[in-house]
Amino acid sequence: MYADGLSFLEEERDAWRPFEALLQLTDEELERPVKDAHGWSGRDLMGHLCVWVDWWLTIARELAVGPASPTFDKITAMGVNWDAEGDALNARYQAEWAALPMEEIRQRFSTLPGELRGYLTVVPETRWLKDSAHLRSLLGNTSEHYEEHLPDLRAILASAGR
């Protein structure tokens, strides 16, 4: 799928870029639930995307120092029961992020994707790009995941008049 890691990193960066528009919204606009975004607020969307990027940041940190990732094993195990437990897990993460100050949400949203890209540059490509299970998970939690949430982003931005 990718000839080299840089190709993925550029694609992921391009896929993330539209979501950065959320940072231009006021705190009040980010707190407003939007019916056409499954009732999520901009804050909810920011947290949801960051949770999964953060999982992969931890995986990348582990893969940078060795070929195995206990965190990857955990995220894979979660996926086995996703249909039965995914909504509850997402709701738990949403509640955790709802408890954070908006400044922290903005800071994490601004930095986590870049940190992940940075770590991936030091992980041997054989441990992520050329490992089909790792790559599939990475895509599912980054660029493909972002694409799934583009309609939510558009609805949130439209509700703020952007």
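A few notes on this one:
- Residue check, Gly47 surrounded by 12 or more Cβ atoms within 10 Å (Cβ to Cβ), small (Gly, Ala, Ser) and touching a residue at least 40 places away in the same chain (Cβ under 8 Å): yes
- Taking first residues from the range 11-40 that are assigned to a helix (DSSP H, G or I) and partners that are basic (Lys, Arg), the Cβ contacts under 8 Å between residues at least 6 apart in sequence or on separate chains come to Glu12/Arg117; Arg13/Arg117; Ala21/Arg162; Leu23/Arg106; Gln24/Arg162; Leu30/Arg43; Glu31/Arg43.
- Members of the range 86-103 that are in contact with a Gly (Cβ under 9 Å, 6 or more places away or on another chain), surrounded by 13 or more Cβ atoms within 10 Å (Cβ to Cβ) and within 17 Å of Lys74 (Cα to Cα): Tyr93
- Scanning the range 97-123 for residues that are free of Cβ contacts under 8 Å to residues at least 40 places away in the same chain and either more than 13 Å from the chain's Cα centre (by Cα) or within 17 Å of Glu11 (Cβ to Cβ) (or both) yields Ala99, Pro101, Glu103, Glu104, Gln107, Gly114, Gly118.
- Screening Val34 with (1) of a type in the set (A, V, I, L, M); (2) surrounded by 13 or more Cβ atoms within 10 Å (Cβ to Cβ); (3) under 28 Å from Trp128 (Cβ atoms) gives one miss only, at (3).
- Here Arg162 fulfils each of the conditions (1) assigned to a helix (DSSP H, G or I); (2) under 20 Å from His38 (Cα atoms); (3) basic (Lys, Arg) apart from (1).
- Count - residues of the range 1-10 that are aromatic (Phe, Trp, Tyr) and either assigned to a helix (DSSP H, G or I) or under 21 Å from Ser110 (Cβ atoms) (or both): 1
- Scanning the range 50-94 for residues that are within 15 Å of the chain's Cα centre (by Cα) and either among the hydroxyl-bearing types (Ser, Thr, Tyr) or part of a loop (DSSP other than H, G, I, E, B) (or both) yields Thr58, Tyr93.
- Tally of residues being under 15 Å from the mean Cα position of the chain (by Cα), within 11 Å of Asp36 (Cα to Cα) and not acidic (Asp, Glu) across the range 148-159: 1
- Scanning the range 109-137 for residues that are part of a helix (DSSP H, G or I), in contact with a Leu (Cβ under 8 Å, 6 or more places away or on another chain) and surrounded by 15 or more Cβ atoms within 10 Å (Cβ to Cβ) turns up Phe109, Leu112, Glu115, Leu116, Arg117, Tyr119, Leu120, Arg127, His134, Leu135.
Laboratory data are not the source of any read-out in this text; all were calculated from the coordinates shown. Source: prediction; values computed, not measured. Counting neighbours? That spans all protein chains shown, and the Cβs are built from the backbone with ideal geometry, glycine included.
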